[in-house]
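Let me begin by presenting the structure, written as structure tokens, before commenting on it.
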Amino acid sequence: MISVIVPVYNTREYLKRCVDSLLKQTCSELEIILVDDGSTDGSGELCDRFAAASPQVRVFHKENGGSSSARNLGIANAGGDYIGFVDSDDYVDADMYERLYAGVMKYHVKAAQIGRNEIGPDGSPLPDICVPPVREECIAPEAFMKELLMHRGDCSFCTKLISRELFFPERFGSEAKEQGRSGDETETSPERLFPVGVLNEDFHLLIGILKEAGPILSLPGYAYHVVYRLGSNSRKESRENFSRVYADNVDNADLAAKIVVRDYPGLEAAAFRFGIFQRLDYMLHIPVAQMNGENKMYREIRGYLRKNWLKSMKNPLLTGKNKVYHTLFALAPRGVRRLHRRLRGLGKTTV
């Protein structure tokens, strides 16, 4: 009934907690797919032990290719009608998938989500990324897209249960079930795969399938627990990782703008606001040494901010602080960075 895909890469210290939380699920018809993405710390061997101990667990080993490629392999081999995802250093409540599945059945939707919280390296709670609703609500695609563009929505696939139909749009149905599934990654339509080599892959895929998904059920409360690790590839910030983290965010903003023009023309102001915000975030985090004429992306973002300054000033969804930063970055990018260092020292870093 449900396949939960867990990409695994060098998380041996956390893997047992993650898998145990899935084995304890109150939803009985659930398979756990562990995809060892070329681990070198013994995580792959630990995956094999889990599979030997429980018929619910299936393991696939592959060369290292990143979380997206591991997820895609899991999707291609999933046997469930609904698919969920859990990062191998996180864990979930025992009734998470029972609640999500019950919601999907109750409201006849293709996707449901539940709240997540973040836990710091020392075990202390961190501020909410997304605030779950106080009661069950079905969110239409356009409204969901607006929440994402306003940085209020939850784009994570880890908090969701998704109909298999959305990953296999060409092959889903009784005929496909009778033919069986070969496990070939190319079975899925390219538009339904996580983009390989992109750090914010969840946002990229979600906005692409959102219209077809229809209303998404959002459940109250927290059931998914994100454990913050400095060593996590998707959560760390470093000079080496900068270009991928923030450049991918800008690329996703441009993708969102194209989708809005096509599917949600009433959200163009929100999409513009999103694109400006992501570019300001890039400028606030780029190493100063990379703020030069040889950096093509930096030049393009600086030029975009200068070209769209007046449009930004007229946008009602950008805050006064957003507009001040936009003005300063359009005029004197390096000077803004010096100002930003001072504000960061005062605890005021939000764009």
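The values are calculated or read from the model by the stated rules, or taken from the named source; none is laboratory data. What you see is a predicted model, and the numbers here were worked out from it, not measured in a lab. Here the Cβ is made from the backbone with ideal geometry for all residues, glycine too, and neighbour counts use every protein chain on show. Areas reflect the complete protein model, heavy atoms only, side chains present, ligands, DNA and RNA absent. Shrake-Rupley method; radii C 1.70, N 1.55, O 1.52, S 1.80 Å.
Quick notes on this structure:
- Considering each residue of the stretch 43-65 in turn, at least one proves to be in contact with a strand residue (DSSP E or B) (Cβ under 8 Å, 6 or more places away or on another chain), over 22 Å from PRO195 (Cβ atoms) and among the aromatic types (Phe, Trp, Tyr).
Listed here are the residues, each with its yes/no results for (1) closer than 23 Å to ARG152 by Cβ; (2) assigned to a loop (DSSP other than H, G, I, E, B).
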{"residue": "ALA270", "(1), (2)": "yes, no"}
{"residue": "GLN278", "(1), (2)": "yes, no"}
{"residue": "ARG302", "(1), (2)": "no, no"}
{"residue": "ARG306", "(1), (2)": "no, no"}
{"residue": "PRO316", "(1), (2)": "yes, yes"}
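- Filter pass, ASP263 being at pLDDT 95 or above and of a type in the set (Asp, Glu): yes
- Number of positions in the stretch 204-215 that are open to solvent by 30 Å² or more (accessible area, probe 1.4 Å) and part of a helix (DSSP H, G or I): 4
- For the condition over 16 Å from TYR82 (Cβ atoms), modelled with pLDDT of 95 or more and part of a strand (DSSP E or B), SER218 qualifies.
- Within the stretch 140-154, tally of residues that are open to solvent by 30 Å² or more (accessible area, probe 1.4 Å) and either under 18 Å from GLY221 (Cα atoms) or in a helix (DSSP H, G or I) (or both): 5
- Screening the stretch 1-39 for residues that are assigned to a loop (DSSP other than H, G, I, E, B) and among the charged types (D, E, K, R) and picking the one that is modelled with the highest pLDDT gives LYS24.
- Test result for VAL92, open to solvent by 40 Å² or more (accessible area, probe 1.4 Å), among the β-branched types (Val, Ile, Thr) and within 19 Å of the chain's Cα centre (by Cα): no
- Whichever residue in the stretch 291-319 is without any contact (Cβ under 8 Å) to a residue 24 or more places away in the chain and under 29 Å from the mean Cα position of the chain (by Cα) and, among such residues, is farthest from ARG334 (Cα to Cα): THR319
- Count of the stretch 221-247 residues which are open to solvent by less than 60 Å² (accessible area, probe 1.4 Å), at pLDDT below 90 and within 13 Å of the chain's Cα centre (by Cα): 2
- Scan of the stretch 24-45 for residues that are closer than 18 Å to VAL227 by Cβ and surrounded by fewer than 20 Cβ atoms within 10 Å (Cβ to Cβ), ordered by number: LYS24, ASP41
Per-residue answers, yes or no, for (1) in contact with a helix residue (DSSP H, G or I) (Cβ under 8 Å, 6 or more places away or on another chain); (2) of a type in the set (Asp, Glu); (3) part of a strand (DSSP E or B):
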position: CYS47; (1), (2), (3): yes, no, no
position: ALA51; (1), (2), (3): no, no, no
position: GLY115; (1), (2), (3): no, no, yes
position: PRO127; (1), (2), (3): no, no, no
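- Applying a threshold of 7 Å to beta carbon distances and a minimum spacing of six or more residues, or different chains, the list of pairs starting in the stretch 118-144 at a residue that is without any contact (Cβ under 8 Å) to a residue 24 or more places away in the chain and ending at one that is surrounded by fewer than 12 Cβ atoms within 10 Å (Cβ to Cβ) is empty.
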